[in-house]
Amino acid sequence: MRKRKIIIGNWKMNPESAKLAETLYKNIIKGKFSAQNTDVVICPPYVFLGRLKKISKKIQLGVQNISKEERGPFTGEISAEMAYDVGARYAILGHSERRTMGETDRDVNKKIKLALSAGLVPILCVGESSREGGHEYFSIIKKQISECMTGVNKNSVSKTIIAYEPVWALSSTANRHDFAPPEFLEIKIFIKKVLSDMFGAKTELPRIIYGGSVRPDNALEFLRDGQADGLLPGKDSLDPKKFLEIIKIANSLEKH
Ligand code: PGA
């Protein structure tokens, strides 16, 4: 079955103020893009969610993290339920920037289950830090998926999204390299195999998307040649012109 493409903007800890976030959001909405064939999601810092939700319902919203606990004395944490209540419908989980702050696969596993039960679509980020170990990246991806998805109900697998984000290709990584878009297909097939082995061949699989320096000049190649089901731009989601261009590319492709 052909899946709808999805473009997810990860704003990370940007912009600096609610006013700037509103302006950025309005400039994206103003783009009058047609999201007919593509789902569009923006994950701003959660403190801006309420304000952005009021501006337009044209774009769905998400958070960049949730607590691994359901509720209680966890100072500074935001639960899956709270994120849903203020308007989030997606949650980026296990991002490499959070893993470097100490988040483990076990934590991500708890978060995925809490997100699903709160009605949020978990966007599970996986990916190796470098390619120095030859083909070791396959076992790294497999371990991350197996540990993060363990115990997930097989009927919920298709309600998640798996984002392959090689850390060495992120725009914020020093001495970064570009990941060659056609090579995404190999990763996608591998992830499908890992999930089928885990949950059974008949299990409906999730969308498998790419993130790591996604730009208007490589989006088409990732979606067409790499057969990505969607894209997760960070830096370029903060530039309305570039983000709109990426959405336009995804939309045009589905028509063929
Ligand atoms: P980037 O970020 O597009 O700036 O590389 C992607 C991400 O970290 O999710």
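The values are calculated or read from the model by the stated rules, or taken from the named source; none is laboratory data. None of the values given here were measured: they were computed from a predicted structure. Heads up, the Cβs are rebuilt from the backbone with ideal geometry, glycines too, and the neighbour counts pull from every protein chain shown. When the accessible area is computed, the model is the full protein with side chains, heavy atoms only, and any ligands, DNA or RNA have been set aside. Shrake-Rupley method; radii C 1.70, N 1.55, O 1.52, S 1.80 Å.
Summary table below
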| read-out | value |
| --- | --- |
| Flagged links, alpha-carbon separation over 31 Å, of K159/K235; K58/K142; K30/K192; K53/K110 | K58/K142; K30/K192 |
| Mean separation of Cα contacts under 8 Å (6+ apart) over length of the chain, as relative contact order % | 22 |
| Distance between region 25-97 and region 178-256 - C-alpha centres, whole angstrom | 20 |
| Cα gyration tensor shape of the chain, rounded if a/c is under 1.5, else prolate or oblate by comparing a/b with b/c | rounded |
| Region 40-146: relative contact order in percent, alpha carbon pairs under 8 Å with at least 6 residues between | 24 |
| Total charge dipole magnitude, region 5-254, about the Cα centre, Cβ charges on Lys, Arg, Asp, Glu only, Debye to nearest 20 | 840 |
| Rounded accessible area per residue of the chain, 1.4 Å, Å² | 48 |
| Additional length obtainable on full extension of the chain from D225 to V86, 0.36 nm per residue less Cα span | 46.3 nm |
| Most positive-pole-ward Cα, N251, L232, S130, against dipole of region 5-254 from beta carbon charges | N251 |
| Residue-averaged [θ]222 nm for the chain, counting only DSSP H segments that reach four residues, each worth -39500 (n - 2.57) | -11500 deg cm²/dmol |
| Protein accessible area in the chain, 1.4 Å probe - carbon and sulfur % | 52 |
